[in-house]
Amino acid sequence: MLNGKTALVTGSTSGIGLGIAKALAAQGAHIIVNGFGDVDAARAEIAQTGAAHGIRTGYHNADMSKAEQIASMMAYAETDFGGVDILVNNAGIQHVANIEDFPVDRWDAIIAINLSSAFHTMRLAIPGMRKKNWGRIINIASAHGLVASAQKSAYVAAKHGIVGLTKTGALETAHTGITVNAICPGWVLTPLVQKQVDARAENGHIPVEQAKRELLMEKQPSGEFVTPEQLGALAVFLCSEAAAQVRGAAWNMDGGWVAQ
Ligand code: NAD
């Protein structure tokens, strides 16, 4: 379905980004990987998933908190892949503290990585998408793009911000073949959430499995984690022709979190 398209997935070396990159590769899209950690392992997994389609993978190590590094990643996408057809803004970090205790450098980093980076990739990707009159922009927001939780001020502000950026992007491209949407996951058991589970286990002197259950029960009525594979399938749908009129949506996949 996506043969010949190129997808750039930021933060695709782990968790949700890796799941989405694999789902797009399985549909035949070439994948530009970005993020830190075990890059080779992630790239090999993605390449293997798309092998039947003969996809290519690329990699750029841009730090998504740095506008000039984002610009060089977009230039790399242009020269090596002929531009970005599918842009998935996924890279993100978390920090948990009350506002009065929130480290200023963590606030700045979360706003830069979880919000401003999407502005930079979008401003640089949209002109090429306009020329082709086709594009898909998928911003990975969160249930925290729709509702708040205590101690997550920067994250909630950034995720509400990315939902707003998504709506504006959708309006500005409404008469084109470019769609802009956000996905709002609930809890997904990735390294980002495992840290929060571990902190809860340590602070409450409880086993990790109990901390997991308590974390889910607090917010997610299904009591089950959302998976990167399920989010990958939603991203594939948003890239399909059937989703051509889904524009400016903030689509929750959250086990019922925001229905409460
Ligand atoms: P993760 O920690 O597993 O992966 C984060 C990815 O971002 C990694 O590839 C990492 O290398 C990359 N990254 C981090 N900082 C970066 C930077 N400065 N520059 C480039 N890449 C960077 O996390 P995840 O849970 O898969 O989260 C992915 C996205 O999904 C985030 O935007 C997160 O806010 C969002 N999200 C996660 C959950 C959840 O429950 N896990 C829920 C809702 C939304």
According to the Cα gyration tensor, what semi-axes, each the square root of 5 times an eigenvalue, does the equivalent ellipsoid of the stretch 109-260 have, listed from largest to smallest in whole Å?
32, 16, 12
How many times 2.2 N^0.38 Å is the alpha carbon radius of gyration of the chain?
0.97
Using only alpha carbon positions, build the gyration tensor of the stretch 28-74, then give the equivalent ellipsoid semi-axes as the square roots of 5 times its eigenvalues, largest first, whole angstrom.
23, 12, 5
What Kirkwood hydrodynamic radius, in Å, does the stretch 210-260 give when the mean of 1/r is taken over all pairs of distinct Cα atoms and then inverted?
12.6 Å
With every protein chain present, what is the per residue accessible area of the chain (1.4 Å probe, Å²)?
44 Å²
Rolling a 1.4 angstrom probe over the protein chains, ignoring ligands and nucleic acids, what is the accessible area of Leu189 in square angstrom, nearest 10?
70 Å²
As I understand it, the value is the acute angle between the Cα axis of helix 15-26 and the longest principal axis of the Cα atoms of the chain; what does it come to in degrees, rounded to 10?
30 degrees
Taking all protein chains as present, what is the carbon and sulfur share of the accessible area of the stretch 1-112, in % to the nearest whole number, probe 1.4 Å?
51 percent
Please work out, to two decimal places, the log10 of the ratio I(q)/I(0) at q = 0.23 Å⁻¹ from a Debye calculation in which every Cα of the stretch 53-148 carries one identical scatterer.
-1.24
In the structure displayed, which of Lys5/Lys219; Lys22/Lys131; Lys152/Lys219; Lys5/Lys131; Lys66/Lys219 lie more than 25 Å apart, Cα to Cα?
Lys5/Lys219; Lys22/Lys131; Lys66/Lys219
Taking the Cα atoms of the stretch 104-181, what is the range of coordinates along each of the three principal axes, in descending order and whole Å?
42, 23, 14
In nm², the average projected area of the convex hull spanned by the Cα atoms of the stretch 1-84 is 4.8 nm²
Given unit charges at Cβ for Lys, Arg (+) and Asp, Glu (-), the dipole magnitude of the chain about its Cα centre in debye, nearest 20, is 740 debye
Using only DSSP helix segments of four residues or longer, with each worth -39500 (n - 2.57), what per-residue ellipticity at 222 nm results for the chain after dividing by its residue count and rounding to 500?
-14500 deg cm²/dmol
For Tyr59, list long-range residues whose amide hydrogen, built 1.01 Å from N in the peptide plane, is under 5 Å from its own amide hydrogen.
Val33
Low-density loop cleavage sites - trypsin sites (Lys or Arg not before Pro) in the stretch 1-56, where at most 15 other Cβ are within 10 Å (DSSP)
Arg56
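The values are calculated or read from the model by the stated rules, or taken from the named source; none is laboratory data. Here the structure is a predicted model, which means the values were calculated and not measured. Ideal geometry is used to build each Cβ from the backbone, glycine not excepted, and the neighbour counts take in all protein chains shown. Areas reflect the complete protein model, heavy atoms only, side chains present, ligands, DNA and RNA absent. Shrake-Rupley method; radii C 1.70, N 1.55, O 1.52, S 1.80 Å.
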